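Q: The structure that follows is given in the form of structure tokens.
The values are calculated or read from the model by the stated rules, or taken from the named source; none is laboratory data. Just so it is clear, the structure is predicted and the values come from calculations on it, not from any experiment. Positions of Cβ are generated from backbone atoms using ideal geometry, with glycine treated the same way; all protein chains shown enter the neighbour counts.
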Amino acid sequence: MRIRLITVPYDSGHFRDRMGAGPEHLLKHGLKDRLRDAGHMPVAANIHSDDAFLAENETGFGLMGAISAEVRRAADEAAFPIVLAGNCSSSVGTVAGLAPARVGVVWFDSHGDFNTPDTTPSGFLDGMAVAILTGHCWRALALRVEGFRPVPEQAVVMVGARDFDAEEHARLDRSAIDHVSETAVQSQGAEGALGMALEALAQQVDGVYVHIDLDVLDADMAPVNKFSTPGGLTPEQLLDCLEAVARHVPILAAGVTAFDPSYDTEGATTDVALKVVEQLGRSGTAITLPSS
């Protein structure tokens, strides 16, 4: 399969810093060779901001627009797009690039990312990524990203989230988002925990965007970034979950985000991240978008 690796080496507008160093780190550690060895044809496309003054929000939404264009280019080439990005907000551009397909979202993350500017205690744009995707905030800027339209809450399945701000948690409880906890995956297995939610999702959409913030992993097994928390999925459970998603609904695009290599002193997280992208290569579908 053709795979378009779209690298976005930014974290909060900062180039190649902190989590922005993750995408190129994976390429330097043989990601393309591993995909070739698995029989795929990977092509890397690097996104760079032309902003003279880099700022989290302005630069972030500009990058989303560039991601959308690269995802559409992948569709033109009948390739599977995998976005390697510092920030979870990259998801907005990826989903926009899949328009006009009816896209659902399967969101792996230790955090809910469901804050709004009125509830966030930090102001961190990444903590609002799911809220942006579902049309709850930053709507005017999101609508400037070509192809973007809000994803219905009931078309979102969140997996492994366990670290919430208080108001964010209350908002999530009131929403129609299906939240599958890491304890459900651990006790029931991937298929048992996710099967019903994925079947319901498959009835609503043409396919899904799979988002993997690597801090969904247990920080004791794979330290990912400063926001990593104890508990979470094992690498094997995450890979099993990806297989379960692919059994139920086509995966049209994927994102692997939030990896700060400076936390990976033993190399364990790099190895897991490479395995995750390999699994996505096996599970993904080369996209052909419906006409508008």
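Q: How about the range 258-292: which of its residues are in a loop (DSSP other than H, G, I, E, B), among the small types (G, A, S) and in contact (Cβ under 8 Å) with a residue 24 or more places away in the chain?
A: Of everything in the range 258-292, those that are in a loop (DSSP other than H, G, I, E, B), among the small types (G, A, S) and in contact (Cβ under 8 Å) with a residue 24 or more places away in the chain turn out to be A258, A286, S291, S292.
Q: Check every one of the helices (runs of 4 or more DSSP H) wholly within the range 96-186 and list those with 3 or more residues that are over 18 Å from the mean Cα position of the chain (by Cα).
A: 139-142, 166-174
Q: Right, another one. Restricting to the range 32-68, and then to whatever is of a type in the set (A, V, I, L, M, F, W, C), touching a residue at least 60 places away in the same chain (Cβ under 8 Å) and crowded, with 19+ Cβ neighbours inside 10 Å, can you tell me which residue is farthest from V8 (Cα to Cα)?
A: L35
Q: When the range 202-251 is examined, which residues are found to be touching a residue at least 24 places away in the same chain (Cβ under 8 Å), assigned to a loop (DSSP other than H, G, I, E, B) and of a type in the set (D, E)?
A: Within the range 202-251, D206 is the sole residue that qualifies.
Q: Applying the selection to the range 96-130, what residues are free of Cβ contacts under 8 Å to residues at least 60 places away in the same chain, of a type in the set (A, V, I, L, M, F, W, C) and surrounded by fewer than 19 Cβ atoms within 10 Å (Cβ to Cβ)?
A: none
Q: If you check D50, D17, D76, which single one turns out to be acidic (D, E) and in contact with a strand residue (DSSP E or B) (Cβ under 9 Å, 6 or more places away or on another chain)?
A: D17
Q: Every residue in the range 14-49 that is outside any strand (DSSP E or B) and hydrophobic (A, V, I, L, M, F, W, C), please.
A: Applying the first criterion (outside any strand (DSSP E or B)) to the range 14-49 yields 16-40, 47-49.
If the condition is that a residue be outside any strand (DSSP E or B) and hydrophobic (A, V, I, L, M, F, W, C), then M19, A21, L26, L27, L31, L35, A38, I47 are the ones that fit.
Q: When the residues of the range 75-93 are filtered to those that are at pLDDT below 95 and in a helix (DSSP H, G or I), which remaining residue is farthest from the chain's Cα centre (by Cα)?
A: That would be D76.
Q: Out of L141, L133, report the one residue that is closer than 17 Å to V210 by Cα and either surrounded by fewer than 19 Cβ atoms within 10 Å (Cβ to Cβ) or not acidic (D, E) (or both).
A: L133
Q: Has the range 187-199 got any residue that is in a loop (DSSP other than H, G, I, E, B) and either surrounded by fewer than 22 Cβ atoms within 10 Å (Cβ to Cβ) or free of Cβ contacts under 8 Å to residues at least 60 places away in the same chain (or both)?
A: For the range 187-199, residues in a loop (DSSP other than H, G, I, E, B) and either surrounded by fewer than 22 Cβ atoms within 10 Å (Cβ to Cβ) or free of Cβ contacts under 8 Å to residues at least 60 places away in the same chain (or both): absent.
Q: To continue, here is another question. Report the residue count in the range 21-31 for those that are in contact (Cβ under 8 Å) with a residue 24 or more places away in the chain and over 19 Å from the mean Cα position of the chain (by Cα).
A: Counting residues in the range 21-31 that are in contact (Cβ under 8 Å) with a residue 24 or more places away in the chain and over 19 Å from the mean Cα position of the chain (by Cα) gives 2.
Q: Can you tell me which residue within the range 219-235, out of those that are more than 17 Å from the chain's Cα centre (by Cα) and of a type outside the set (A, V, I, L, M), is surrounded by the most Cβ atoms within 10 Å (Cβ to Cβ)? Let's see the steps before the verdict.
A: First pass over the range 219-235, keeping only residues more than 17 Å from the chain's Cα centre (by Cα): 219-223, 226, 229-231, 234.
Those still in the list that are of a type outside the set (A, V, I, L, M) too: 220, 223, 226, 229-231, 234.
Details: D220: 11, P223: 21, K226: 12, T229: 15, P230: 10, G231: 16, T234: 17.
Only one residue fits best here, namely P223.
Q: Suppose the filter is closer than 14 Å to S91 by Cβ, out of contact with any helix residue (DSSP H, G or I) (no Cβ under 8 Å at 6 or more places or on another chain) and among the charged types (D, E, K, R); does D163 pass it?
A: no
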